[in-house]
Amino acid sequence: MLDLIIIGAGPAGITAAIYAARKKMNFVIISRDVGGQTAWSGGVENYTGYQFIPGIELVAKFEEHMKTFAVPLHEGESVQELMRQRDMFVVRTDKTEYQARTVIVASGKQSRELGVPGEKEFRNKGLTYCATCDGPLFANKDVAVIGGGNSALDAALQLMRIARRVYLINIAAELTGDSAIAEKLKNASNVAIYNNARITSVNGAQMVAGITVQKAALVDFLPVQGVFVEIGLIPSAEFIRDVRKNEYGEIMVNCKSETDVPGLFAAGDVTDVPAKQIIVAAGEGAKAALSAFHYVAIHSF
Amino acid sequence: MPKKVTVYSTPTCPYCTRAKQFLTDNRIAFDNVDVSVDTGRAEEMIQKSGQMGVPVLDIDGEIIVGFDRERIQRALGLT
Ligand SMILES: Cc1cc2nc3c(=O)[nH]c(=O)nc-3n(C[C@H](O)[C@H](O)[C@H](O)COP(=O)(O)OP(=O)(O)OC[C@H]3O[C@@H](n4cnc5c(N)ncnc54)[C@H](O)[C@@H]3O)c2cc1C
């Protein structure tokens with residue numbers, strides 16, 4: 001039986017792993033990828049010790065640090081269910097099952113999905129959640145960006161220079177992101193802003209060929225080859241039900257990283273800790289590991 | 001005969017960076033195609049893979065979408 005399972009290898013999970021390794025705990029760390037959101041962060045200017053570092057390089061440093069210990073990292077594995085059974089936890093993944101005395105949930109946040117017909121079928125067939133990654137493939141094509149906050153405006157700004165025509169589909173009456181960028185988009189000749197509008201489907205044959213958009217009683221078909229979904233993030237905590245969460249679906253923790261379930265700890269963006277930042281997530285991961293260590297130490301299993 | 005490996009990528013995608021790092025760590029030579037500057041090759045990638053996400057790896061004709069470490073290892077005979 002393991003002492004600890006860490007779910008997620010973003011800044012929180014990696015830091016927890018370093019602490020657990022130094023405490024010589026018997027543990028594994030399971031994650032879909034290494035680095036989490038930090039890998040997508042572009043330039044980071046607020047991690048102590050670095051005035052500027054690209055997110056992907058900071059991740060490489062985290063990983064290098066973690067790998068100086070023999071950390072059992074199970075990358076490319078996805079946790080599907082976490083259950084408490086008497087005095088232990090069972091973690092079921094898409095590959096196998098694990099048992100441990102304690103668990104640290106450090107699964108962060110992920111892109112919110114649209115939930116409209118066509119979204120799943122056309123994922124990577126014109127529909128994407130990463131404008132920075134896939135944007136360049138839409139040179140001289142017509143695209144739609146869904147959203148009205150900062151990440152949507154950033155995506156539209158970037159695409160306006162690459163694509164032929166950019167439709168910005170915003171559910172609210174006004175754009176809510178940075179007003180300077182909003183102004184630039186309003187003045188751009190190849191950007192059309194649809195406020196009070198909601199995407200209702202993604203259409204096409206092999207690849208995306210258009211979307212339907214509803215504005216009041218009117219339904220419009222926009223012929224686009226690209227759809228960029230930028231409607232925010234949600235906590236990746238759907239695999240655990242029996243734990244206290246707040247109205248946003250974030251796992252509630254106290255200052256010792258404890259949840260309301262004994263032996264279950266959580267750290268980073270998946271929790272209700274207010275600042276969603278790399279350095280905060282890393283610090284929370286450290287605390288969670290020390291709490292898990294303490295928990296195992298005081299219980300004579 | 002070493003296998004012919006092509007990586008279709010953009011400079012800004014983290015999984016592209018990880019895929020290329022993985023190949024380098026395993027001393028596998030590869031051609032990197034930056035599809036953000038070469039639209040012709042971008043079209044070629046879409047044709048080959050039937051989709052538009054990066055990275056795409058072509059390992060002696062076997063097309064792998066995304067940084068799928070296990071499939072890459074198998075295709076290269078690394079396991
Ligand atoms: C575009 C962008 C820019 C940012 N810029 C900055 C910045 O400049 N400075 C800053 O401080 N912060 C920045 N942030 C925020 C920062 O990236 C996050 O606060 C931080 O990454 C949170 O770390 P985490 O470890 O809690 O979660 P995450 O980074 O979200 O990592 C979670 C990990 O868990 C894994 N996971 C999730 N679900 C499962 C599952 N079911 N099974 C297995 N594994 C799972 C994921 O694959 C991932 O590896 C930015 C975020 C974004 C999106």
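Hey, can you find the accessible area per residue of chain A for me, probe 1.4 Å, expressed in square angstrom? If you can, show how the numbers build up before the last one.
Details: 13960 Å² over 301 residues.
Averaged over the residues of chain A, the accessible area is 46 Å².
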Next item on the list: Principal axes first, then extents: for the Cα atoms of region A:185-269, list largest minus smallest coordinate on each axis, whole Å, largest first.
Entry: 55, 34, 25
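Full extension from A:Glu57 to A:Met88: what is 0.36 nm times the residue separation minus their Cα-Cα distance, to one decimal in nm? Spell out each step's value before the answer.
Working: separation 31, 0.36 × 31 = 11.16 nm, distance 3.66 nm.
Stretched fully, the A:Glu57-A:Met88 segment lengthens by 7.5 nm.
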Note to self: How charged is the neighbourhood of B:Val5? Take every other residue with its Cβ under 12 Å from the Cβ of B:Val5, and add Lys/Arg as +1 and Asp/Glu as -1.
What the structure shows: 0
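For region A:127-229, what is the charge dipole size about the Cα centre, in debye to the nearest 20, if Lys and Arg each add +1 at the Cβ and Asp and Glu each add -1 at the Cβ?
Numbers: 8 positive and 7 negative charges, 43 e Å.
That gives region A:127-229 a dipole magnitude of about 200 debye.
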Notebook entry, point to check: PRE reach from A:Ala172 (point 7 Å along Cα→Cβ): which of region A:228-247 fall under 17 Å by backbone N?
Noted result: A:230-234
Next item on the list: Provide, in order from the shortest bin, the percent of all Cα-Cα pairs of the protein assembly as shown in each 10 Å bin, continuing until the bin that contains the maximum pair distance.
Entry: 5, 22, 29, 26, 15, 4, 0
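Between beta-carbons, use under 15 Å as the cut-off and find the net charge around A:Gln158, counting Lys and Arg +1, Asp and Glu -1.
Working: positive: A:Lys141, A:Arg161, A:Arg164, A:Arg165, A:Lys184; negative: A:Asp134, A:Asp154, A:Asp178, A:Glu230.
Summing Lys and Arg as +1 and Asp and Glu as -1 gives +1.
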Next item on the list: Could you work out how far the C-alpha centroid of region A:16-51 sits from that of region B:1-24, in angstrom?
Entry: 23 Å
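Take each complete run of DSSP H in chain A, measure how far its Cα atoms stretch along the helix's own axis, and keep only those covering 20 Å or more with mean Kyte-Doolittle hydropathy at least 1.0; list them.
On the way: long enough: A:278-298 (30 Å, 1.31).
What comes out of the filter, once short or polar helices are dropped, is A:278-298.
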Next item on the list: Write down the Kirkwood hydrodynamic radius of region A:65-210, to one decimal in angstroms, obtained as one divided by the mean of 1/r over all alpha carbon pairs.
Entry: 18.3 Å
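If you take the alpha carbon radius of gyration of region A:127-229 and divide it by 2.2 N^0.38 Å, what ratio comes out, to two decimals? It would help to have the intermediate numbers written out before the result.
Values: Rg = 12.4 Å, N = 103, 2.2 N^0.38 = 12.8 Å.
Normalised Rg, Cα atoms only: 0.97.
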Next item on the list: Round to a whole angstrom and tell me the spacing of the C-alpha centers of region A:242-278 and region A:100-164.
Entry: 26 Å
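How big a patch of accessible area, both sides summed and in Å² to the nearest 100, lies buried between B and A at a 1.4 Å probe?
On the way: alone 4890 and 14830 Å², together 18000 Å².
When B and A are taken together, about 1700 Å² of accessible area is lost.
Leaving ligands, DNA and RNA out of it, report the carbon-plus-sulfur percent of the accessible area of the protein assembly as shown at a 1.4 Å probe. Kindly include the intermediate steps, with their values, before the conclusion.
Numbers: 8910 of 18000 Å².
Roughly 49 percent of what the probe reaches on the protein assembly as shown is carbon or sulfur.
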Checklist line | A:Leu218, A:Leu159, ranked by accessible area, largest first (probe 1.4 Å) | finding: A:Leu218, A:Leu159
Margin query: Testing the spin-label approximation: label points 7 Å from Cα along Cα→Cβ at B:Arg27 and A:Ala70. State their distance in nm.
Written below: 2.4 nm
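Could the peptides A:166-172, A:3-9 be put in order, highest first, of the mean number of other beta-carbon atoms found within 10 Å of their residues? Provide the component values of the computation, followed by the final result.
On the way: A:166-172: 22.7, A:3-9: 28.0.
Packing proxy ranking, top to bottom: A:3-9, A:166-172.
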Next item on the list: Pull the list of chain A cysteines that no other Cys approaches to under 4.7 Å, Cβ to Cβ.
Entry: A:Cys255
Check: P(r) of region B:5-73 in 10 Å steps, Cα pairs, percent per bin?
Finding: 22, 61, 16
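For peptide B:47-56, what's the mean number of Cβ atoms from other chains within 10 Å of each residue's Cβ?
Values: counts 0, 0, 2, 4, 7, 15, 11, 7, 1, 0.
Counting other chains' Cβ atoms within 10 Å and averaging over B:47-56 gives 5.
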Note to self: Around B:Tyr15, under 10 Å between beta carbons, what's the net of Lys plus Arg minus Asp minus Glu among the other residues?
What the structure shows: 0
Notebook entry, point to check: How well do other chains shield peptide A:131-141, expressed as the mean number of their Cβ atoms within 10 Å of each residue Cβ?
Noted result: 6
Next item on the list: Quick one: angle between helix B:39-49 and the longest Cα principal axis of chain B, in degrees between 0 and 90, rounded to 10, please.
Entry: 60 degrees
Checklist line | Bridge type composition, the protein assembly as shown - antiparallel percent by DSSP, nearest 5 | finding: 50 percent
Item checked: Convex hull per residue volume in Å³, alpha carbons only, for region A:1-60 -> 75 Å³
Notebook entry, point to check: Can you give the average number of partner chain beta-carbon atoms within 10 Å of each beta-carbon in peptide B:11-21, as a whole number?
Noted result: 6
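The values are calculated or read from the model by the stated rules, or taken from the named source; none is laboratory data. Everything quoted here is computed from the prediction, not taken from an experiment. Ideal geometry is used to build each Cβ from the backbone, glycine not excepted, and the neighbour counts take in all protein chains shown. With ligands, DNA and RNA removed, areas are computed over all heavy atoms of the protein, side chains included. Shrake-Rupley method; radii C 1.70, N 1.55, O 1.52, S 1.80 Å.
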